[in-house]
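**Q** Sharing a structure with you now.
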Number of protein chains: 2
Amino acid sequence: MVLKEMERSKLEAFYSDALKAYENCKSQGLKLDMSRGKPGKAQLDLSMELLNMHIDPEQTKVDGVEARNYGELMGLPAARRLFAELLGVKFEQVFAGGSASLTLMYDLIAKAYTNGLLHSEKPWSKLDKVKFLCPAPGYDRHFTISSSFGMELIMIPMTEEGPDMDMVEKYAADPDVKGIWCVPKYSNPDGITYSDETIKRLASLKHAAPDFVLVWDNAYCVHEFEGEFVPFKNILEECEKAGNPDMVFEFASTSKITFPGAGIACFACSEANMAYMKKLLNAQVISFDKINHLRHVLFFKNAQGVLDHMKKHAEIMKPKFDMVLEYLDKEIAPLGIAHWHRPKGGYFVSLFVEKGCAKRVHALCKEAGVVMTDAGATYPYKNDPDDSNLRIAPSFPPLDELEKAMQVLCCCIKLAAAEKLLGK
Amino acid sequence: MVLKEMERSKLEAFYSDALKAYENCKSQGLKLDMSRGKPGKAQLDLSMELLNMHIDPEQTKVDGVEARNYGELMGLPAARRLFAELLGVKFEQVFAGGSASLTLMYDLIAKAYTNGLLHSEKPWSKLDKVKFLCPAPGYDRHFTISSSFGMELIMIPMTEEGPDMDMVEKYAADPDVKGIWCVPKYSNPDGITYSDETIKRLASLKHAAPDFVLVWDNAYCVHEFEGEFVPFKNILEECEKAGNPDMVFEFASTSKITFPGAGIACFACSEANMAYMKKLLNAQVISFDKINHLRHVLFFKNAQGVLDHMKKHAEIMKPKFDMVLEYLDKEIAPLGIAHWHRPKGGYFVSLFVEKGCAKRVHALCKEAGVVMTDAGATYPYKNDPDDSNLRIAPSFPPLDELEKAMQVLCCCIKLAAAEKLLGK
């Protein structure tokens, strides 16, 4: 029965039951973590060969490049080929970097501030104001990068097809608006894949700032956990066709394919952007870790090798997402006190509890030993105007712990909703 | 016989012989590289165990930190301990980063520009002018970092004891002067180790800019190729004793210990600086490659392991430096047309040819198939006021190639000197 339609006495009884159940949860002394999109141990174990492969000295030189020595700013060519194949972009458009795409994104913004981007009239540090579009709910670390440079963060609501494009187009007409953060496939946290129409409108965006940048964080480009790999539009090509070839930087990494924080990362951009970035990067680095590039190339061989590997991740991930949804469907759906997305890839289930209840649910969970991502973290300035969104990250805990965590979470959702309705 | 004292006819004959010898060099169609401080293949082979070690899943968790997953911004504690022991600093003062100390230095300067350092009144990007002291001859990539941010580079001559401290002290009184680049042990390229007196004066430097930064690039901290390891003053402690605890950032890496560009790098600084930097770094990175940290820790075990390993490098490096010096001593010294340093560690021999001849020697070498670091590269703005310094990097070519390269170099030094004296 929908909670809002319950009579007061029934609701009081519901509350009382929920409170008892919650006290019972607390008494278990749990210590569970559903806070970050961290692969679980079983997923890490999938890549142990990468850790222990044998590499002969003869194998360290690929395409004439010695992986063990300095040189080749853009990375081991074989690693660039692998990413080019995965993203469907050209080899020349790919820069293979260190172990984190987040760092490459940060560095892009940092260089916009210190030197400007290819079409900048001046470095962003010389501007009075820089605004950045933040589709929300979104990835907290994107917003943290923006904040760390003192940008003004503009919230763009997410729709089922991606960011609200009417708003994006409206804001892009402001010359102070310098870019937008996008996680286009299995978005963090909603798990939404941008529609073709959204992609088309983004690629052909009219932007007043000549150096507007579309930060295309394709973090979950091959991260289906249900069904086959879903091909995805090549945003570089789309932007080029639309007359915006230099507007986009695409990012990807193997952090959630091999080892988080120890995988390999890349960015892809137009050749004009690449020529410009190479000059700036040349001051920062001689070459990133080409041995890690080599290891990944030997481990995967090609894009198909990556897709095959992702099937193994899917086998581990699918039951976890199924469990999250089963609990929500069974425990919460009938009460009408929350709604959520049903992603087929990525790392999260985006949950919307009753308005004004997210912080309360988070606090209740914490008290019962279940750590969730902070309520509000998925919004610019950590401020969810509805105080409604919570990000469930089911990947890290093993299935039995996840089940316990979901029991606690459902219990807390109920309790918070009842508290709200009863004005407690 | 000293060339300058030769009669004209003898000099003409000398020139003619030198030219013939040079033409002979050219006819050999050589292709040799003495341009960069790259370890040679035999040195890379010393660390193959690092590439091929077996790591059990049980070994990936050290001090409770899973090296295969996200987390631990400051790096694997065991890697931080290793660097702390090597540099003689405290564990709390060490941040273990990615694969290149150069990138850490760049990032420090970048953050000074975008956010300011701990004691900055404002970010450097908001200042009209930033000046930086550049002891020269010095490391070209330091100067490139400064240039990429648009700093004004101020040349400080090197003495046998390090940078000319009278000049450093004079310039530090200018509030626009924000720091100094230092390679304190086996400096690049002179191979000079700063004297205790120089270190003391640097540590107690009176600086008008509150955020003056002593960039202490201890790139060759354990890189003796002759004799035993020479202990070196802990600059963090020296600065602290002198009342300048937050002035210094020290950098080191294993690039020239294990694999260049694929080693592990660190910076060390006061705990106040670290607290400040951690906040900024938290926006840039979740954690650097802790698996590479782990591999290095397992490979070396402790600082003594590193020193033992460096002995093997020394066995390969010493004969190369001996050969460089033998050729210079035998072929050039009697002619009085150049002078050079005799380092006991590091990667270079710093050669000073006749004034106005360095570019010519470099061009002659290039034409004969021997690539040297660009003449002038060791000076700010790539401008050696005397056009005299050349950096010999003997590490990369095998001994037989190095010998040929030295024959060519000596030949070119002679030819250029004779040309100059004859006004050709």
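We did not get these values from a lab; they are worked out from the coordinates using the rules stated. Remember, predicted model here, so these are calculated numbers, not experimental data. Counting neighbours? That spans all protein chains shown, and the Cβs are built from the backbone with ideal geometry, glycine included.
**Q** How big is D for segment A:334-416, in µm² s⁻¹ as a whole number, if Stokes-Einstein is applied with the Kirkwood radius of its Cα pairs at 20 °C and 1.002 mPa s?
**A** Using the Kirkwood radius from Cα pairs, D works out to 166 µm²/s.
**Q** How far, in whole Å, is the nearest Cβ of chain B from the axis relating it by rotation to chain A, and which residue carries it?
**A** Looking at chain B's Cβ atoms against the axis toward A, the nearest is B:S125, 2.
**Q** Now for a separate question. List the aspartates and glutamates whose Cα sits under 16 Å from the Cα of A:K41, skipping any in the same chain fewer than 8 residues away.
**A** Excluding near neighbours in sequence, the set is A:D33, A:E49, A:E315, A:D400, A:E401, B:D56, B:E58, B:E66.
**Q** Under the convention of a label 7 Å out along Cα→Cβ, give the distances in nm from A:A13 to the same position in every other copy, shortest first.
**A** Copy-to-copy label distances at A:A13, shortest first: 12.2 nm.
**Q** Moving on to the next point. Taking the Cα centre as origin and putting +1 on Lys and Arg beta-carbons and -1 on Asp and Glu beta-carbons, what dipole magnitude results for chain B, to the nearest 20 debye?
**A** So the magnitude is around 740 debye.
**Q** Would you list the P(r) distribution for segment B:138-248, with all Cα-Cα distances sorted into 5 Å bins from 0 and each bin expressed as a whole %?
**A** Calculated over all Cα pairs of segment B:138-248, the distribution is 2, 12, 22, 26, 21, 12, 4, 2, 0 percent.
**Q** Let me ask something else about it. Okay, helix-only estimate at 222 nm for the protein assembly as shown: each DSSP H run of n ≥ 4 adds -39500 (n - 2.57), divide by all residues, round to 500 deg cm²/dmol; what do you get? Kindly include the intermediate steps, with their values, before the conclusion.
**A** On the way: 28 runs with 342 residues, N = 848.
The per-residue figure over the protein assembly as shown is -12500 deg cm²/dmol.
**Q** Which whole-number percent gives the relative contact order of chain B, counting Cα pairs below 8 Å spaced six or more residues apart?
**A** Relative contact order here is 26 percent.
**Q** In addition: Pop the C-beta distance of A:A242 and B:E49 into the FRET formula with R0 = 56 Å and round what comes out to the nearest 0.05.
**A** The computed FRET efficiency comes out at 0.60.
**Q** By counting other Cβ atoms within 10 Å of each Cβ, how are B:L19, B:L104 ranked from fewest to most?
**A** So the ranking, lowest neighbour count to highest, is B:L19, B:L104.
**Q** Counting other beta carbons within 10 Å of each residue's own, what order do A:S146, B:S16, A:S47 fall into, fewest first?
**A** B:S16, A:S47, A:S146
**Q** With viscosity set to 1.002 mPa s at 20 °C, what whole-number translational diffusion coefficient in µm²/s follows for segment B:69-126 from Stokes-Einstein and a Kirkwood radius over Cα pairs?
**A** 165
**Q** Oh, and also: Which distances in nm, rounded to one decimal and ordered from shortest, link the label point of A:S27 to the equivalent label points in the other identical copies, with labels set 7 Å from Cα toward Cβ?
**A** 9.9
**Q** Expressed as an acute angle from 0 to 90° and rounded to the nearest 10, what is the orientation of the C-alpha long axis of helix A:358-367 relative to the principal long axis of chain A?
**A** With rounding to tens, the tilt is 80 degrees.
**Q** When you look at the Cβ of every residue in B:41-48, what mean number of other chain Cβ atoms sits within 10 Å?
**A** Mean number of neighbouring Cβ atoms from other chains: 3.
**Q** Provide, as a two-decimal number, the C-alpha radius of gyration of segment A:62-301 over 2.2 N^0.38 Å, N being how many residues it has.
**A** The value comes to 0.97.
**Q** What are the trypsin sites (Lys or Arg not before Pro) within segment B:316-374 that DSSP puts in a loop, where the Cβ has at most 14 other Cβ atoms within 10 Å?
**A** Within segment B:316-374, the qualifying trypsin sites (Lys or Arg not before Pro) (loop, at most 14 other Cβ atoms within 10 Å) are B:K355.
**Q** Now, a different point. Based on the alpha-carbon gyration tensor of chain A and its eigenvalue square roots a ≥ b ≥ c, which shape applies: rounded if a/c is under 1.5, prolate if not and a/b is larger than b/c, or oblate?
**A** Judged from the Cα gyration tensor, chain A comes out oblate (a/c at least 1.5, b/c at or above a/b).
**Q** Please state, as a whole number in µm²/s, the translational diffusion coefficient that the Stokes-Einstein equation yields for the protein assembly as shown at 20 °C and 1.002 mPa s, with Rh defined as the Kirkwood radius across alpha carbon pairs.
**A** 74
**Q** Sequence gap at least 6, Cα distance under 8 Å: using those rules, report the relative contact order of segment A:62-301 to the nearest whole percent.
**A** Relative contact order, segment A:62-301: 27 percent.
**Q** I would also like to ask the following. Specify whether the C-alpha gyration tensor of segment B:22-117 places it in the rounded, prolate or oblate class, a ≥ b ≥ c being the square roots of the eigenvalues: rounded for a/c under 1.5, otherwise prolate if a/b is larger than b/c and oblate if not. If you can, show how the numbers build up before the last one.
**A** Numbers: a/c = 2.97, a/b = 1.58, b/c = 1.89.
Judged from the Cα gyration tensor, segment B:22-117 comes out oblate (a/c at least 1.5, b/c at or above a/b).
**Q** Contact order normalised by length for segment A:355-401, with contacts defined as Cα pairs under 8 Å and 6 or more residues apart; what percent is it?
**A** 37
**Q** Using a 10 angstrom cutoff on alpha carbons, build the Gaussian network for chain A and name the most mobile of A:D166, A:D190, A:D289.
**A** Per the Cα network of chain A with a 10 Å cutoff, A:D166 tops the list.
**Q** What does the charge count near A:G37 come to, summing +1 for each Lys or Arg and -1 for each Asp or Glu among other residues with Cβ under 11 Å from its Cβ?
**A** Once positives and negatives cancel, what remains is +4.
**Q** Would you mind checking the pairs A:K312/A:K366; B:K330/B:K404; A:K359/B:K290; A:K20/A:K355 and listing those with alpha carbons more than 25 angstrom apart?
**A** A:K312/A:K366; A:K359/B:K290
**Q** For chain B, find the longest principal axis of its Cα atoms and tell me its angle to the long axis of helix B:101-114, 0 to 90°, nearest 10.
**A** On a 0 to 90 degree scale, this one is about 70.
**Q** For segment A:288-316 and segment A:360-400, compute the distance between their C-alpha centroids and round to whole Å.
**A** So the two Cα centres are separated by 31 Å.
**Q** Please enumerate, by chain and number, the aspartates and glutamates with C-alpha under 20 Å from the C-alpha of A:K122, excluding those fewer than 8 residues away in the same chain.
**A** A:D107, A:E152, A:D174, A:D176, A:D211, A:D246, B:D128, B:E152
**Q** Measuring label to label, 7 Å along Cα→Cβ, what does A:E92 give against each other copy in nm, shortest first?
**A** The projected label point of A:E92 is separated from its counterparts by 5.4 nm.
**Q** If you plug each phi of segment A:163-174 into the Karplus form 6.51 cos²θ - 1.76 cosθ + 1.60 with θ = phi - 60°, what whole-Hz ³J(HN,Hα) values come out, in order, with x for Gly and Pro?
**A** Each residue of segment A:163-174 in turn: x, 4, 6, 4, 5, 4, 5, 5, 5, 5, 6, 8 Hz.
**Q** When a footprinting reagent is the concern and you count Cβ atoms within 10 Å, what order do B:S187, A:S99 take, fewest first?
**A** Neighbour counts put them in this order, fewest first: B:S187, A:S99.
**Q** Hey, another quick one. Helix B:290-300 sits at what angle to the longest principal axis of chain B, using alpha carbons and giving 0 to 90 degrees rounded to 10?
**A** Its long axis makes an angle of about 70 degrees.
**Q** Moving on to the next point. Run through segment B:44-122 and list the trypsin sites (Lys or Arg not before Pro) located in a DSSP loop whose Cβ has at most 15 other Cβ atoms within 10 Å.
**A** Loop-located and lightly packed - B:K90.
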